[in-house]
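Enquirer: Sharing a structure with you now.
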Amino acid sequence: MLRRDPWRCLTTTATAELLVVDAWFDVTTSQPGPVLATAVVMAVCAELPMAALCTVLAVRALPSRTRDKAPDTDGSDLQVNAHT
């Protein structure tokens, strides 16, 4: 992230996905009782917020394209040909 690597959006996206899958897997496979409570607390307080942060970083790291300016729709940029 500090080197502004152009591939950082893919890395942060994959990290966010793995965090969400890990939270889901931990919660769905844990035994009822204190183990399930621990898995839910870890998912809600650690893994899902980190996944959200990684998603925000991934969106901000998306490469931007330079696009030509679209013409105005009010017609002010049109040239009138007086010879026609």
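The values are calculated or read from the model by the stated rules, or taken from the named source; none is laboratory data. Every value quoted in this text rests on a predicted model; they were computed, and no experiment measured them. Every residue, glycine as well, gets a Cβ built from its backbone with ideal geometry; the counts of neighbours run over all protein chains shown.
Enquirer: Quick check on the range 71-80. Is at least one of its residues at pLDDT 80 or above and loosely packed, with under 15 Cβ neighbours inside 10 Å?
Expert: Looking for residues that are at pLDDT 80 or above and loosely packed, with under 15 Cβ neighbours inside 10 Å, one finds none in the range 71-80, hence no.
Enquirer: When both residues are 6+ apart or on different chains and their Cβ atoms are under 8 Å apart, which pairs have a first residue that lies in the range 18-32 and is β-branched (V, I, T), and a second that is surrounded by 16 or more Cβ atoms within 10 Å (Cβ to Cβ) and modelled with pLDDT of 95 or more?
Expert: V20/E47; V20/L48; V20/A51; V27/A39; V27/A43
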